[in-house]
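Only one structure is covered here, and it is reproduced in the block below.
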Amino acid sequence: MKMNTLGLPVVETKELVNDLNILLANFQIYYQNLRGLHWNIRGKRFFDLHVKFEEFYNDSQLKIDLIAERVLTLGGSPLHTFADYIEHNRLTIGKNISRDEEAIQLIIDSLSDLLGIERKILEASGNINDEGTNSMMSDFIAEQEKTIWMLKAWMEDEI
């Protein structure tokens, strides 16, 4: 088995880079959805949600950079065009959402979809002992699971 300079198997690492790029594309869509929610939210919860959505999109912007840098660390090239993002998108695209509950549901659904991608990456990175990617995915997953729990509590829904 041929190994790269990081001590990871070359073929499996290329597959992992592809999966990370899919995650990157979907995070870009998630980020843009959050921007739209931030701009378009209306109603009695405007002040709270406007700030919360900004917090979420700032966090997702940091994660986007971490994912892209991990792709580079593993020897790949991060996707960076809107065409690439749309091609690899698995999330619902939110357009002109201004109602609070619809906005929160979009975030819950998006995070659930991102968790699916991240768990696939976590399994693949674990299989090749890629602790850098594994650690990043574990951190993302734990944080997003907690966010889903909080948002579902806000919606008065069960997990």
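The values are calculated or read from the model by the stated rules, or taken from the named source; none is laboratory data. Note that this is a predicted model, so its numbers are computed, not measured. Virtual Cβ from ideal backbone geometry, glycine too; neighbours counted across all protein chains shown.
The table below lists the values:
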item: Residue satisfying condition, being among the small types (Gly, Ala, Ser), under 22 Å from residue 12 (Cα atoms) and crowded, with 22+ Cβ neighbours inside 10 Å, within set 25, 68; result: 25
item: Any helices (runs of 4 or more DSSP H) falling wholly within segment 44-149 and containing at least 3 residues that are of a type in the set (Asp, Glu) and touching a residue at least 40 places away in the same chain (Cβ under 8 Å); result: 100-127
item: Condition check for residue 8: under 17 Å from residue 147 (Cβ atoms), modelled with pLDDT of 95 or more and in contact with an Asp or Glu (Cβ under 6 Å, 6 or more places away or on another chain); result: no
item: Residue within segment 99-122 that is loosely packed, with under 14 Cβ neighbours inside 10 Å, over 17 Å from the mean Cα position of the chain (by Cα) and basic (Lys, Arg) present; result: yes
item: Residue, farthest from residue 107 (Cα to Cα), within segment 34-53, restricted to residues that are surrounded by fewer than 18 Cβ atoms within 10 Å (Cβ to Cβ) and of a type in the set (A, V, I, L, M, F, W, C); result: 47
item: Restricting segment 1-46 to residues that are touching a helix residue (DSSP H, G or I) at 6+ places or on another chain (Cβ under 7 Å) and of a type in the set (S, T, N, Q), the residue that is nearest to residue 70 (Cα to Cα); result: 21
item: Candidate set: segment 1-53, residues that are aromatic (Phe, Trp, Tyr) and within 16 Å of the chain's Cα centre (by Cα); chosen: the one farthest from residue 117 (Cα to Cα); result: 53
item: Residues satisfying the stated conditions in segment 7-29, i.e. of a type in the set (A, V, I, L, M, F, W, C) and farther than 11 Å from residue 74 by Cα; result: 11, 22, 23, 24, 25, 27, 29
